[in-house]
Amino acid sequence: MSKGAETRAAILDEALSRASVHGLGGVTIGELAKRAGLSKSGLFAHFKSKEQLDIAVLDEARDRFVAGVIAPAFRAPRGLPRIRALFQRWLEWDAAGFQPGGCLFMAAAMELDDQPGPARDHLVATQRDWIEALQQAARIAVEEGHFRADLDVEQWAYELWGLALGYHFYHRLLRDPRALARAERALEALLASSAA
């Protein structure tokens, strides 16, 4: 890796960590430059604008999500085992050490939901891809005979998403020690209602 690539990676690492706590709006060029030991113009050499920095942070989070959640889960057998692995890794993602404030996507969704622009559009595209991956996992579970043939995979993905949102809220905001157990019990109920 070149020196420039190493510097960019270090900046993104710091920006991702800060964004998970302070939101994308709380990540400033000046603060990042100071932490990276660069001038503002030096940081602008890597990211031409705050908007491009925000998109790069979202891309970094997406790449880490794919590497830490999706790719390992897709090594599980097709169908129900894969769905369980996806859900387990999704919940573990919330506590990844590089995002001390919890899931960047959850924070960014609250921050950007009413702020039109490229960062919001980028986040929406990323999350639609994840929803489609969940729907595809459900389709495969139908093909494998684990889920019933008439399952509405779009509704199923919506309900699974709701479980993850509930876990995030109970775990991060309420600090409920039973959040994980509740999420696991809710998953079992969803799987039972989807079973072939």
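Please work out if residue 139 is of a type in the set (Lys, Arg), crowded, with 18+ Cβ neighbours inside 10 Å and over 30 Å from residue 51 (Cβ atoms).
When the stated conditions are applied, residue 139 does not pass them.
In this structure, does residue 107 turn out to be of a type in the set (A, V, I, L, M, F, W, C), surrounded by 14 or more Cβ atoms within 10 Å (Cβ to Cβ) and outside any loop (DSSP other than H, G, I, E, B)?
Answer is yes for this residue.
Can you run down the residue pairs with Cβ atoms below 8 Å, 6 or more apart or on separate chains, where the first is in the range 34-61 and closer than 28 Å to residue 103 by Cβ and the partner is part of a loop (DSSP other than H, G, I, E, B) and among the aromatic types (Phe, Trp, Tyr)?
As it stands, the answer is 53/47; 56/47, since those pairs meet every condition given.
List every residue pair whose Cβ atoms sit under 6 Å apart, with the two residues 6 or more apart in sequence or on different chains, where the first one lies in the range 85-106 and is free of Cβ contacts under 8 Å to residues at least 24 places away in the same chain and the second, anywhere, is surrounded by 18 or more Cβ atoms within 10 Å (Cβ to Cβ) and not hydroxyl-bearing (Ser, Thr, Tyr).
As it stands, the answer is 85/73; 89/69; 89/73, since those pairs meet every condition given.
Residue under question is residue 37, and the condition is that it be small (Gly, Ala, Ser) and more than 20 Å from residue 123 (Cα to Cα); does it hold?
Here the answer is yes, as residue 37 does meet what is asked.
Checking residue 147 against (1) buried (at least 20 other Cβ atoms within 10 Å of the Cβ); (2) within 22 Å of residue 25 (Cβ to Cβ), only one condition comes out false. Which one?
Going through the list (1) buried (at least 20 other Cβ atoms within 10 Å of the Cβ); (2) within 22 Å of residue 25 (Cβ to Cβ), residue 147 breaks only (2).
The numbers here are math on the coordinates, done by the rules we state, and not lab data. Small disclaimer: the values here were computed from a predicted structure and weren't measured. All Cβ positions, glycine included, derive from the backbone under ideal geometry; neighbour counts span all protein chains shown.
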